[in-house]
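Q: Could you have a look at this structure, given as structure tokens, before my questions?
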């Protein structure tokens with residue numbers, strides 16, 4: 001069965017992408033990918049992205065800040081994971097540095113403390129070495145710095 005491609009005019013695509021960007025903050029890569037899925041030609045993609053930037057629908061700094069704030073406060077991600085995810089999305093170092101200022105060091109460490117203590121208490125493993133490994137692996141996946149994790153692991157295992 002052959003799929004039929006739906007073709008869009010530039011005006012239609014602009015309207016769709018304005019809605020797409022106003023619904024949630026987007027990065028340039030997401031917008032470009034969406035336009036490619038709509039089978040737009042490269043020149044049209046460039047023109048639409050420029051239009052979205054000029055009309056403030058698309059702003060990578062705003063996206064990076066929103067992303068970092070949300071992932072830290074809602075998903076409890078650490079700085080390393082946030083940095084890696086933003087790099088993966090093609091965000092500049094300047095915008096990544098700006099995004100990391102969205103939460104204070106106090107808030108960051110408070111989140112880390114709360115998450116690490118609840119994680120430690122929720123691990124049912126009785127073997128001390130296995131429990132430490134599960135604890136460390138979880139927090140490393142969350143993107144916290146290894147020195148914080150290992151210090152906290154030693155503190156909790158000695159209680």
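Any read-out appearing in this document is the output of simple, stated calculations on the displayed coordinates, not a laboratory observation. Since the model is a prediction, treat every value here as computed from it, not as a measurement. Methodologically, a virtual Cβ is constructed for each residue, glycine included, from the backbone with ideal geometry; neighbour enumeration extends over all protein chains shown.
Q: Which whole-angstrom value gives the distance between the alpha carbon centres of region 85-159 and region 18-41?
A: 32
Q: So if R0 is 41 Å, what FRET efficiency would residue 130 and residue 11 give, r being the distance between their Cβ atoms, rounded to the nearest 0.05?
A: Step by step, r from the Cβ atoms, then E = 0.10.
Q: I want to verify a result. In a Gaussian network model of the chain, Cα cutoff 10 Å, which of these has the top mean-square fluctuation: 67, 103, 112?
A: In this elastic network of the chain, the residue with the biggest mean-square fluctuation among 67, 103, 112 is 103.
Q: If you bin the C-alpha pair distances of region 1-107 every 5 Å from 0, what whole percents do you get?
A: It works out to 2, 12, 22, 19, 15, 12, 9, 6, 3, 1, 0, 0, in whole percents.
Q: Sticking with this one: Taking square-rooted eigenvalues a ≥ b ≥ c of the alpha carbon gyration tensor, is region 10-54 rounded, prolate or oblate, where a/c under 1.5 means rounded and, failing that, a/b exceeding b/c means prolate?
A: rounded
Q: Measure nothing fancy, just the Cα-based angle from helix 10-23's long axis to the longest principal axis of the chain, in degrees from 0 to 90, nearest 10.
A: Roughly 20 degrees between the two axes.
Q: Quick one: helix 79-88 against the long Cα principal axis of the chain, what's the angle to the nearest 10°, folded into 0 to 90?
A: 20
Q: Pop the C-beta distance of residue 92 and residue 51 into the FRET formula with R0 = 25 Å and round what comes out to the nearest 0.05.
A: Efficiency at R0 = 25 Å is approximately 0.75.
Q: For n ≥ 4 DSSP H runs only, could you compute -39500 (n - 2.57) per run for the chain, divide by its residues and tell me the 222 nm figure to the nearest 500?
A: -22500 deg cm²/dmol
Q: Something else about it: Pop the C-beta distance of residue 74 and residue 22 into the FRET formula with R0 = 25 Å and round what comes out to the nearest 0.05.
A: After rounding, the FRET efficiency stands at 0.75.
Q: Taking a label point 7 Å from the Cα of residue 43 along the Cα→Cβ vector, which residues of region 8-32 have an amide N closer than 20 Å to it?
A: Within reach of a label on residue 43: 8-15, 32.
Q: Then there is this: Would you mind telling me which residue in 79, 71, 15 has the biggest mean-square fluctuation in a Gaussian network model of the chain, where springs connect alpha carbons within a distance under 10 angstrom?
A: 15
Q: Tell me, what is the Rg over Rh of region 81-159, with Rh the Kirkwood radius over Cα pairs?
A: That ratio is 1.06, to two decimals.
Q: Using a Gaussian network model on the chain with a 10 Å cutoff between Cα atoms, which of 61, 106, 85 fluctuates the most?
A: 106
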